[in-house]
Amino acid sequence: MIAKKGKVSIIDVAKKAGVSPATVSRVLNKTAKVSPKLTKKVLSAVSELNYVPDPFAHGLKTKRTRSIGLIISDITNPFFPELARGVEDYVSSMGYSLILCNTDAKPESEKRYVELLLNKGIDGLMFTSLRVGEDFIRSLLSDSVPCVLVGRKPENIEGLVYVVTDNYKGGCIAGEYLISLGHKRFVHVSGPLDNSAGRERLSGFIDTLKKHKVKEENIRVIESDFTMEGGYKSAGDILRLKFLPTAIFFANDAMAIGALQKFWEEKIDIPETFSIIGFDNIKVSSLVSPPLTTISQEIYKIGQISARELIKIIEGEKGDSTILEPKLIERRSCKCIE
Ligand code: RIB
């Protein structure tokens, strides 16, 4: 979707008035109460900019567009296409369409897409990260824009419905499994620690190692970014450490697969040299060499439930948050240590 050059948009009006596009839409549509002060600001911005409402823009007609937006951070991570499939299958069965936006985890592109989607008449939004900022999401919620957070747990946003796997428990399962195989020295390649999934997988893993009395000197954490490239780079970092782990827990499969590539290039045998475990159970994880042991998330189902809850909210019902169970999938990338 490309904004028409020269034409004043609802976003321009919102910027001028210092409010969100959804507030502009509410004032012009009279679909919800807006304070007299904000209403005045919006109306004077409309008149100063000579704004002529686009009949197709959000809220400037009373009907819904029956479309929802899914904002994803990394289209190259196979987790997201599978998730999007779940969302799309559900929304299309309900007569809605899906618009997919990839942001490369950049807050500015996330904001830009949200504004564009609101301007074009989206009925609701699904976020897969909070990079856009908690205040931004809070302002969408206070403007009654239906939103669902997918795969992350909001820590400080009251009223935001979310659908997530129990990431802390997943980290614990990875730790228990490696301990049961007799491992003694561990590296965790985490996701970004500014997001709840990264932090919770890390805490579950470390708490479990500590519970089993693994000493701190036998644990290393490398923060990475949930991408294949990040995993590849972390594998190189591990090879340069003085510390030699027996097992490595990657906070997602994409990073584990990137690392397998690096280890293959360096002729390092997996699982002879290191046992490797991932998180997600994306489809390709059973096809790599060796097939990856991982902690599975019900990715397609997460997409379906998120879509169901968003549509409930759009249609005036209350949405519910869901926490799904992670599960160990044993393949051939881990081995027992005598
Ligand atoms: O942001 C990417 C990661 O978060 C995915 O790989 C999946 O683990 C999700 O929870």
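Just so you know, all these numbers are worked out from the coordinates, no wet-lab data involved. These figures come from a predicted structure and were not determined experimentally. No Cβ is skipped: glycine too gets one built from the backbone with ideal geometry, and neighbour counts run over all protein chains shown.
Observations
- Fully extending the segment from residue 216 to residue 93, taken as 0.36 nm per residue of separation minus the present Cα-Cα distance, adds 39.2 nm.
- Amide H to amide H, with H built 1.01 Å from N, residue 328 comes under 5 Å of 296, counting only residues 5 or more places away or on other chains.
- Value at 222 nm in deg cm²/dmol, rounded to 500, when DSSP H runs of n ≥ 4 in the chain each add -39,500 (n - 2.57): -13000 deg cm²/dmol
- Per DSSP, loop GluC sites (Glu not before Pro) in region 114-169 with at most 12 further Cβ within 10 Å: 155, 158
- Compactness index (Cα Rg / 2.2 N^0.38 Å), the chain: 1.14
- The chymotrypsin sites (Phe, Trp or Tyr not before Pro) of region 231-297 meeting both criteria, a DSSP state outside H, G, I, E and B (loop) and at most 15 other C-beta atoms within 10 angstrom of the site's C-beta, are 243.
- Qualifying GluC sites (Glu not before Pro) in region 222-286, where qualification requires a DSSP coil assignment and no more than 13 other C-beta atoms within 10 Å, comprise 266, 272.
- In terms of distances greater than 26 angstrom between alpha carbons, the cross-link table entries 41/153; 120/153; 111/283; 169/210; 213/301 yield 41/153; 120/153; 111/283; 213/301.
- Antiparallel content of DSSP bridges confined to the chain, in %, to 5: 10 percent
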